[in-house]
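Chemist: Below is a structure I'd like to ask you about.
What follows draws every value from the coordinates through simple rules; no lab data is involved. Only a predicted model underlies this, so the values are computations on that prediction, with no experimental measurement involved. Note that each Cβ is placed from the backbone with ideal geometry, even for glycine, and that neighbours are counted across all protein chains shown.
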C-alpha cells in the first residue's frame, strides 16, 4: 500500500514537471531545458521514494546513532572509490582539489565545518524520527513540504525575493496538503 502511495507520488512529480513545461512555455522560458530534466526528475524521485523504506528496515535493528555511523562509513567508502577512479582514469584531481582547498578563506572553511556539523545534527534528528515515528511515507512528504515552506520564508524575509500569485498559490497548496496530512493520518 505504501509503495502504491510512493508510485502515485512519482506520477504526481511527472505531472508537476509537465505543468512546469507548460508554464515555462507560456512564460517565454525554454521548455526544452525542462523536458531534458524529466528523466532526471523521474529517476531521482523513484530512487528517493524507496530510501525511507530501506532506512526504516535497517533502523528496526540499529539505533539511529549506529545507523548514522555505519551509513556514513559506507558512503565514505563509495566516495573514496569514486575519487580514486577519477584520479586514476580521468585527471589528476587530487592536486587540483588540494590547490582549490588552499584558496579557501577562513570564513569559507568555517562555513564548511558548520555545514558538516549541520549535516550530522540533521541526519541524527532525521534518523531518530525515522526510528520512532513509524510513518516513512508521511515523514518523507512532510520533510519535503516543510523544506519548501522554509525556503519560501527565507527567500521572502531574508533575501527579499518577489513572488507572483502562482508561487503564492503553490505555497498555499503545500500548506494545505501538510494540514490534511497532519490531521488525517493514514
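Chemist: Using only the Cα atoms of the stretch 63-132, build the gyration tensor, take square roots of its eigenvalues as a ≥ b ≥ c, and label the shape rounded, prolate or oblate: rounded if a/c is under 1.5, else prolate if a/b is larger than b/c, else oblate.
Modeler: Oblate.
Chemist: Using the alpha-carbon centroid of each, what span in Å lies between the stretch 112-169 and the stretch 49-101?
Modeler: 22
Chemist: Let me know the whole percent of all Cα-Cα pairs from the stretch 135-186 that are separated by more than 17 Å.
Modeler: Above the 17 Å cut-off, the stretch 135-186 has 39 percent of its Cα pairs.
Chemist: If I take R0 = 25 Å and measure r between the Cβ atoms of residue 60 and residue 120 in this structure, what FRET efficiency does the formula 1/(1 + (r/R0)^6) give, to the nearest 0.05?
Modeler: Plugging the Cβ-Cβ distance into 1/(1 + (r/R0)^6) gives 0.65.
Chemist: Is the stretch 46-186 best put as rounded, prolate or oblate by its Cα gyration tensor, with a ≥ b ≥ c the root eigenvalues, rounded for a/c under 1.5, and otherwise prolate when a/b is larger than b/c, oblate when not?
Modeler: oblate
Chemist: With a Förster radius of 25 Å, plug the Cβ-Cβ distance of residue 93 and residue 40 into 1/(1 + (r/R0)^6) and report the FRET value to the nearest 0.05.
Modeler: 0.55
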